[in-house]
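Encoded as structure tokens, the structure appears first; notes follow it.
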Amino acid sequence: MNTGIQGSGSSGECKGGFLMKPSIWKWSTRTVVTIGIGAALYGATSWIGIPIAPDTQLRPAIALLAIFGALFGPVVGFIAGFIGHVINDFIQSGTVWWGWALGSGITAAFMGLIYLSKDFNPKDGVIKKKHLISFIIYGVVGIFVSLAFSGLFDIYAMGEPNNKIVIQVISAGLVNLAVFLILGVPAVWAYAKRNRNNANLTVER
Amino acid sequence: MSKSSSLYVDGDSFFHRMDGAVKLVLLLVWTAVTFLFLDLRIFVVLLVAGISMLLVARIPIKRMKFLFWMLTLFTLMNSIFILLITPRFGSTLTGSNTPLIPLGYDTINVETLFYVLTLSLKYLTLCPITLLFIFTTHPSRFAASLNKLGVPYKMAYAVSIAFRYIPDLSQEFRHILNAMQMRGLGISRGDGNLKQRMRNLSLVVVPLLQSSLQHIESVSDAMDLRGFGTKPKRTWYMGTRAMRSDKIVVLLCVLLLTVGIVLKLQVVQGFWYPL
Amino acid sequence: MQPVISFRDFSFRYKSQSSATLKNINLDIVRGEKIWIAGPSGSGKSTLAHCINGLIPFSYGGEITGELYVNGKDSSSQDIFERSKSVGTILQNPDAQFVGQTVGEDVAFQMENEATPQAEMKTAVFSALDLVGMLDYEGQGPHDLSGGQKQSVSLAGVLSTKADILLFDEPLANLDPASGVKAMRLIEEIHQAGGKTVIIIEHRVEDVLQEPIDRIVVMNEGEIAAIGTPDDLLAGGTLASFGLRQPIYLDAMAYAGLSLQGLSNLRTPEGILGTLDKGKLEVWMDSVESPQEQRDGDVLLELRDVTYAYDAGRDVVRQVSLSIGAGETIALLGGNGAGKSTLSGIITGLFKPRIGEVRLWGESINNWSIRRRGTEIGYVMQNPNHMITQHMIWDEVGLGLTARGFSPTEREERSDEVLKICGLYPYRNWPVSALSFGQKKRLSIASILALSPKLMILDEPTAGQDYRHYTEFMDFIAELSNQGMAFLFITHDMHLALEYADRAVVMAEGGVIAADTVANVLSNSEVTSKARLRETSLARFARAWGLSSPSRFVQAFIDYEQKGKTSHE
């Protein structure tokens, strides 16, 4: 049996693009693909969820938005979230909930703000407590800002009653918050941990 | 679920031939006009028009049934929700109060019932036009249409990639879930209490993310190797040329929007309540 | 003649690595040549390909020394887009390469990016599709195509660009044997017709060699270890010395004591020129004894007349009956789309059969949940990254045990035990990311083994591994099998079936068309062609040289190798 680290050139972990964080405004091919795959992932996982209350499900999709935001920045997060939501509505609900689709984008954009802190670099395993705290704060703010937006959108565009929307926004917010905290935050943490340098490993007999 | 993420049904109707960009404009204008109003009369007109357009497109009803029921179910739930939480909301729009069904803590009045009917119809109005769009537009024409409407081609292509890879990722997701369940780490009811199932769901995120990142790498390599993004413009194999009928439809859309705005400003401002 | 590709003292080191992946490469490839680059994993062959097509340094940064000329131009002066006009690449994973939503669109992708007018694209797409025989599929999506068809589309996409160097990066990796044969045939036709330079990187030796190759370049540890014609390298046993598998009929000849001297054109079993001592082969064939091993164990799993349909009216699995004895190893063979995965889904409980019964230890388990079946049947996915969820190795193994409610002490005992069995115990406190692909594969086995199932289903257990890793991994599986575990391999790898399975069950179009010893199945051309497999080269060799019984020849080979293995232990 050989010892651990294999230096295969195709392992994909040693790519140029991974070493430096690209600017959020530069649209390379990788950016385009990331948005597309992020949106596809959102669409591919939206059908599943653990029902916790009537008409309310815990869906991993929000967590994936959080991860994509953190790894690739607010712009990628926003567009991937928006496109993913719209496509999913096309396929599953018979009409597009534009307000909520924009809301998905806004959530991801807020969660992606963490990408802008200079020393945050989960791809190289760099994540600190303070990053986690700001990530959670961005996420919580993002979730409620976006829901407030979607709620106002429904009130003004659809003419939904305010009180009902308030209840809807709060309950949806709590559910999304739970998914974010239970699935999203640990996943980003785990991802960074995985990419930490594996120096000084010893073989124990 | 079908193998492809698109719901496109092949056909040769007027709407199948219509330029994708034009159809998108139609969808957006229709949606915007619907947003403007809270008036049952207008919704009835739009709904009848929308359904006739669907009939012209000759999409098999069987294919649309699922989405139609999804939306109906939603509006029904939404209505019940509104009636239970704000049983007298209609009064704030009409100023009158005609009690009808006692709930104990409050009473549903006629105004709210009529409001709920109007609102449901508003949601349903959006359905035929959306169905028309998704069932008659090939998703690869969709990307070309977006580009034509002025969306940068890189963004338009991201949409195309999303459509392309949804089935692949869905299948992978199912596979991973299944393998986890065999290890006793499933997420369905038999797999433990809510906390355990949530934990199990969180486990799936890791491999799913890993494999999406892998996809990103290989797909962007493939696209780079084939010269994606090197020119300021790109052409579309599936792009369609606008015909004269398309231009007429765009004009009609402009007309619809104008009429909508004029109506909103001059004639029907708020909630229409005949009783 | 000026070479189209010329490496001069070329070295490359990835940014994140401390030592060079390519060292002192000197290689000239001339126009119209057909080159096969071979070498074990990590030998640098993919890196070499990336240098040729420009992904290095465009996407993968690092330090280059020496020179590389492509079509006479210094590569450092070209960007990747310019390079793509002279080098067309067909990637390993057809799903990644196929970015368009329809066949036509995908073929046109590069032209779209070059802003070619639509009418011009249509013409070019149709003629390229015609060349690869995919014209009828122009409007289809990738989900309606098989792996081989997707590959053909990728090829058409490259052909439409007029690039005169075609680079194939493991084109056969995801194809069943029949599609592999077809793909190599197609590549050869294109090579002949257009005078293109063709460079192929591939693990599957026999499949590559069935069509002519001008030169083989063997890579090892980042250097070019050998260059020569197929005959040069085959006769000298060079491939084998670098851990590559040479065609197995050459092994058989060696076992029978035949020398390769005086023979030429060794790359196919039918094409060998020269005189062979047939008598010697016959004698050898009769001299190999079958190890009279009989396993009359109880029937572990049984399928009785199982039929399943995703959509009503279209059965994807039809009246399948099969049984697996305790401790038995069975290869479920068949081409892509034969219904193998669906059948495994029926066994694991993902799909409920419309008709028929799945029985475990004689009891119907039709109503068992996936979870409950998991206590007796383990399922290991092809890609270990799809199974591994934990950061640390030890946690990954313990995960399923916790879920199944084992006590902490029991969990510890079992985890340690399976980690020892799988050779991962010394690394138990390592993070998963420090493991190689092969080790991850073992880890995914370990995490299932911990739950002590009686049967393990392995989905394409050896896909994408080179011969050394393949052998290492499969010998490990064989050891588990000796300890009483039953295995069901779902695969289209015939070597795997030949060398490691007790029996083969062959599926085609949803039904079982053969269930017999592996030797009998793989020397029956009727069965193999129906199942999109291929008769093993041993049987083709035996037939071509008029040996008395191809299937006995195959059996002799299996038994001989088996004996070799057991005598080593």
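The values are calculated or read from the model by the stated rules, or taken from the named source; none is laboratory data. Here the structure is a predicted model, which means the values were calculated and not measured. For neighbour counting, all protein chains shown are included, and Cβ atoms are generated from backbone atoms with ideal geometry for every residue, glycine included.
Conditions (1) more than 8 Å from chain C (Cβ to nearest Cβ); (2) of a type outside the set (A, V, I, L, M); (3) loosely packed, with under 14 Cβ neighbours inside 10 Å, marked per residue:
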| residue | (1), (2), (3) |
| --- | --- |
| B:Gln210 | no, yes, no |
| B:Leu213 | yes, no, no |
| B:Ala222 | no, no, no |
| B:Thr230 | no, yes, no |
| B:Trp236 | no, yes, no |
| B:Ala242 | yes, no, no |
| B:Leu255 | yes, no, yes |
| B:Val268 | yes, no, no |
| B:Leu275 | yes, no, yes |
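Being under 18 Å from C:Gly335 (Cβ atoms), polar (S, T, N, Q) and in contact (Cβ under 8 Å) with a residue 24 or more places away in the chain, is that true of even one residue in segment C:170-181? The answer is yes, given that some residue of segment C:170-181 is under 18 Å from C:Gly335 (Cβ atoms), polar (S, T, N, Q) and in contact (Cβ under 8 Å) with a residue 24 or more places away in the chain. Of the set (1) modelled with pLDDT of 90 or more; (2) within 18 Å of C:Tyr470 (Cα to Cα); (3) away from chain B (no Cβ under 13 Å), all apply to C:Val380 but (3). Looking at segment B:1-19, which of its residues are under 17 Å from the mean Cα position of the chain (by Cα) and at pLDDT below 80? Answer for segment B:1-19, where residues must be under 17 Å from the mean Cα position of the chain (by Cα) and at pLDDT below 80: B:Ser5, B:Ser6, B:Leu7.
Being modelled with pLDDT of 85 or more, within 8 Å of another protein chain (Cβ to nearest Cβ) and within 20 Å of A:Gly49 (Cα to Cα) is the requirement here; does B:Ser202 meet it?
Numbers: modelled with pLDDT of 85 or more: no; within 8 Å of another protein chain (Cβ to nearest Cβ): yes; within 20 Å of A:Gly49 (Cα to Cα): yes.
When the stated conditions are applied, B:Ser202 does not pass them.
Only one entry in C:Glu396, C:Glu417, C:Glu410, C:Glu357 is surrounded by 17 or more Cβ atoms within 10 Å (Cβ to Cβ), among the acidic types (Asp, Glu) and either closer than 17 Å to C:Ile445 by Cα or in the same structural domain as C:Asn482 (by TED's automatic domain parsing) (or both), namely C:Glu396.
Yes/no matrix, rows are residues, columns are (1) acidic (Asp, Glu); (2) more than 22 Å from the chain's Cα centre (by Cα); (3) surrounded by 24 or more Cβ atoms within 10 Å (Cβ to Cβ):
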residue	(1), (2), (3)
C:Phe489	no, no, yes
C:Leu498	no, no, no
C:Ala514	no, yes, no
C:Ser548	no, yes, no
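Applying the criterion of at least 2 residues that are in contact (Cβ under 8 Å) with a residue 12 or more places away in the chain and of a type in the set (Lys, Arg) to the strands (runs of 3 or more DSSP E) found wholly in segment C:1-102 leaves C:5-14.
Here the condition is being of a type outside the set (Lys, Arg), touching a His at 6+ places or on another chain (Cβ under 9 Å) and in the same structural domain as C:Glu33 (by TED's automatic domain parsing); of C:Ala49, C:Ala124, C:Ala115, C:Ala96, it holds for C:Ala96 alone. When segment C:347-374 is limited to residues that are among the hydroxyl-bearing types (Ser, Thr, Tyr) and touching a helix residue (DSSP H, G or I) at 6+ places or on another chain (Cβ under 9 Å), the one that is farthest from B:Asp168 (Cα to Cα) turns out to be C:Ser369.
Table: residues versus (1) closer than 16 Å to C:Phe168 by Cβ; (2) surrounded by fewer than 20 Cβ atoms within 10 Å (Cβ to Cβ); (3) within 13 Å of another protein chain (Cβ to nearest Cβ); (4) touching a Gly at 6+ places or on another chain (Cβ under 9 Å).
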residue	(1), (2), (3), (4)
C:Pro3	no, yes, no, yes
C:Ala20	no, yes, yes, yes
C:Lys23	no, yes, yes, yes
C:Ala38	yes, no, no, no
C:Asp74	no, yes, no, no
C:Phe81	no, no, yes, yes
C:Lys85	no, yes, yes, yes
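When segment C:53-72 is examined, which residues are found to be within 11 Å of another protein chain (Cβ to nearest Cβ) and β-branched (Val, Ile, Thr)? Listed by number, the list holds a single entry, C:Ile56.
Listed residues B:Leu131, B:Leu126, B:Leu185, B:Leu169; which is surrounded by fewer than 24 Cβ atoms within 10 Å (Cβ to Cβ) and either touching a residue at least 40 places away in the same chain (Cβ under 8 Å) or not assigned by TED's automatic domain parsing to the domain that holds B:Leu26 (or both)? After applying the criteria, what remains is B:Leu169. With respect to the conditions (1) surrounded by fewer than 19 Cβ atoms within 10 Å (Cβ to Cβ); (2) more than 30 Å from C:Ala501 (Cα to Cα), C:Ala254 lacks only one, and its number is (2).
Kindly indicate whether C:Ser344 is of a type in the set (Ser, Thr, Tyr), more than 30 Å from A:Lys193 (Cα to Cα), more than 9 Å from chain B (Cβ to nearest Cβ) and surrounded by fewer than 17 Cβ atoms within 10 Å (Cβ to Cβ). For C:Ser344, the condition - of a type in the set (Ser, Thr, Tyr), more than 30 Å from A:Lys193 (Cα to Cα), more than 9 Å from chain B (Cβ to nearest Cβ) and surrounded by fewer than 17 Cβ atoms within 10 Å (Cβ to Cβ) - is not met. Kindly indicate whether C:Asp232 is exposed (fewer than 15 other Cβ atoms within 10 Å of the Cβ), assigned by TED's automatic domain parsing to the domain that holds C:Lys45 and at pLDDT 90 or above. Judged against the criteria, C:Asp232 is a match. Looking only at residues in segment A:66-75 that are closer than 18 Å to A:His131 by Cβ and part of a helix (DSSP H, G or I), the one that is farthest from the other protein chains (Cβ to nearest Cβ) is A:Pro74. For C:Phe81, indicate whether it is in contact with a Leu (Cβ under 6 Å, 6 or more places away or on another chain) and under 26 Å from B:Ile216 (Cα atoms). Taking the combined requirement at face value, the residue does not satisfy it.
Checking each residue of segment C:451-467 against the condition of being more than 14 Å from chain A (Cβ to nearest Cβ), more than 30 Å from C:Ser146 (Cα to Cα) and surrounded by 19 or more Cβ atoms within 10 Å (Cβ to Cβ) gives at least one match. C:Leu172: hydrophobic (A, V, I, L, M, F, W, C) and either surrounded by fewer than 22 Cβ atoms within 10 Å (Cβ to Cβ) or touching a Gly at 6+ places or on another chain (Cβ under 7 Å) (or both), yes or no? It is true that C:Leu172 is hydrophobic (A, V, I, L, M, F, W, C) and either surrounded by fewer than 22 Cβ atoms within 10 Å (Cβ to Cβ) or touching a Gly at 6+ places or on another chain (Cβ under 7 Å) (or both). Which residues, taken from segment B:114-150, are within 11 Å of chain A (Cβ to nearest Cβ) and β-branched (Val, Ile, Thr)? Correct list: B:Val116, B:Thr118, B:Thr125, B:Ile129, B:Thr130, B:Ile134, B:Thr137. Among the residues of segment C:87-103, those that are modelled with pLDDT under 90 and more than 8 Å from every other protein chain (Cβ to nearest Cβ) comprise C:Gln92, C:Pro94. Residues that are farther than 12 Å from C:Ile393 by Cα and either charged (D, E, K, R) or part of a helix (DSSP H, G or I) (or both) within segment C:419-440 comprise C:Lys420, C:Ile421, C:Phe437, C:Gly438, listed in sequence order. Highlighted here are the helices (runs of 4 or more DSSP H) found entirely within segment B:88-207 that include at least 3 residues which are within 21 Å of A:Asp89 (Cβ to Cβ): B:110-136, B:139-148, B:153-182.
If you check B:Ala21, B:Ala32 for being away from chain A (no Cβ under 11 Å) and under 28 Å from B:Ser140 (Cα atoms), only one passes: B:Ala21. Entry remark, segment A:76-119: residues being facing chain B (nearest Cβ under 10 Å), touching a residue at least 12 places away in the same chain (Cβ under 8 Å) and either farther than 25 Å from B:Ala32 by Cα or of a type in the set (A, V, I, L, M) (or both) number 7 in total.
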